[in-house]
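Take a look at the structure set out below.
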Amino acid sequence: MRRVIRTDVPDSGAYALLTSLVVPRPIAWISTLSADGIGNLAPHSFFSVACASPPIVSWTSVGHKDTLANVLATQEFVVNLATLPDIDLVNATSAQFDPEDDEASALGITMEPSEHVAAPRVASSPASLECTLHSVIELGDSVLVLGTVVAVTVDEDVMDGDHPDITRLQPVSRLGGSEWGLPPQVRTVPRPAQPDDISR
Ligand SMILES: Cc1cc2nc3c(=O)[nH]c(=O)nc-3n(C[C@H](O)[C@H](O)[C@H](O)COP(=O)(O)O)c2cc1C
């Protein structure tokens, strides 16, 4: 294997390189309200589970954007699962709307009340994580946001027994540049509990 070696990653080009290599990234389609009650909706792919118990998710605002300002003001947000039927709408909400403009209203996206937080959820999204702000960590040009999950809603139609069915969820993901990942091919691979369980 011949490797291209980059030692300049802390500087220019790091963002393009990292976002092309840390892939695919799930997309949190985050809905919030401003202090004045104006809705906001934007995708964030620097998104993950940060803690199992208590359940905490994380996402990162690269720069100071409306979503971050709303979360700091209201202490809450909703992560809506970004799915294939909504891929163009998810992308559209990434445009630079003014803080006074509600992306959902502007784009005709139907919102509905959440269960435990004031920020509404996206009606067409099959799953939502309602979160209250746990903490933020300032990191260079970015802010890492940690949110405690206070409610999870999942459309009954995507459930297979107790579990959401990946083929019905149809999640999309973010790759490098303007590339998106489509719902994945799935292989079930049982995890070995002990070294003796490993099939060789
Ligand atoms: C698929 C996708 C993923 C994105 N992920 C992030 C992200 O993780 N962090 C971020 O700050 N911006 C991300 N963006 C850009 C924001 O969505 C964009 O800056 C948006 O205008 C922010 O909206 P707001 O100012 O209403 O919060 C992403 C855009 C797209 C299309």
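Numbers below:
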read-out: Karplus-derived HN-Hα couplings along segment 182-195 (A = 6.51, B = -1.76, C = 1.60, θ = phi - 60°), whole Hz, x at Gly and Pro; value: 8, x, x, 6, 10, 10, 8, 10, x, 7, x, 6, 10, x
read-out: Highest-first arrangement of 134-147, 26-39, 112-125, where packing means the average Cβ count within 10 Å; value: 26-39, 112-125, 134-147
read-out: The chain - convex hull of the alpha-carbon atoms, volume per residue in Å³; value: 171
read-out: Convex hull projection area averaged over all views, segment 1-103, Cα basis, nm²; value: 9.3
read-out: Percentage relative contact order, segment 99-200, counting C-alpha pairs under 8 Å, at least six apart; value: 14
read-out: Calculated FRET efficiency for the pair Ile166/Asp98, C-beta based, R₀ 45 Å, to 0.05; value: 0.75
read-out: Net charge, Ser45 excluded, C-beta distance under 12 Å - Lys, Arg +1, Asp, Glu -1; value: +1
read-out: For segment 147-200: rounded, prolate or oblate by the Cα gyration tensor [a/c cutoff 1.5]; value: oblate
read-out: Prolate/oblate/rounded label for segment 63-121 (Cα gyration tensor, a/c 1.5); value: oblate
read-out: Sulfur and carbon atoms: percent of accessible area, the chain [1.4 Å]; value: 53
read-out: Base-10 log of normalised Debye intensity for segment 92-200 (one unit scatterer per alpha-carbon) at q = 0.10, 0.12, 0.14, 0.20 Å⁻¹; value: -0.49, -0.70, -0.92, -1.39
read-out: Derived scalar couplings ³J(HN,Hα) [segment 142-147; Karplus, 6.51 cos²θ - 1.76 cosθ + 1.60; whole Hz; x for Gly, Pro]; value: 10, 10, 7, 10, 10, x
read-out: Sites Val186 and Cys51 - FRET efficiency at Förster radius 22 Å, r taken between beta-carbons, to 0.05; value: 0.30
read-out: Surface accessible to a 1.4 Å probe, Phe77 within the full protein complex, Å²; value: 0
read-out: Qualifying trypsin sites (Lys or Arg not before Pro) in segment 1-77, DSSP loop, other Cβ atoms within 10 Å at most 14; value: Arg2, Arg3, Arg6
read-out: Å² per residue, accessible surface of segment 111-200 at 1.4 Å; value: 67
read-out: Local electrostatic count at Ala73 - Lys and Arg +1, Asp and Glu -1, tallied over other residues with Cβ under 15 Å; value: -3
read-out: Rel. contact order, % - alpha carbon contacts under 8 angstrom, at least six apart, the chain; value: 23
read-out: Cut-off 12 Å between beta-carbons: net charge of the residues surrounding Ile27, Lys and Arg +1, Asp and Glu -1; value: +1
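The values are calculated or read from the model by the stated rules, or taken from the named source; none is laboratory data. Bear in mind that the values here come from a model prediction, so they are computed numbers and not experimental data. We place every Cβ from the backbone using ideal geometry, glycine too, and count neighbours over all the protein chains shown. Heads up: the accessible areas ignore ligands, DNA and RNA and are worked out on the full protein's heavy atoms, side chains in. Shrake-Rupley method; radii C 1.70, N 1.55, O 1.52, S 1.80 Å.
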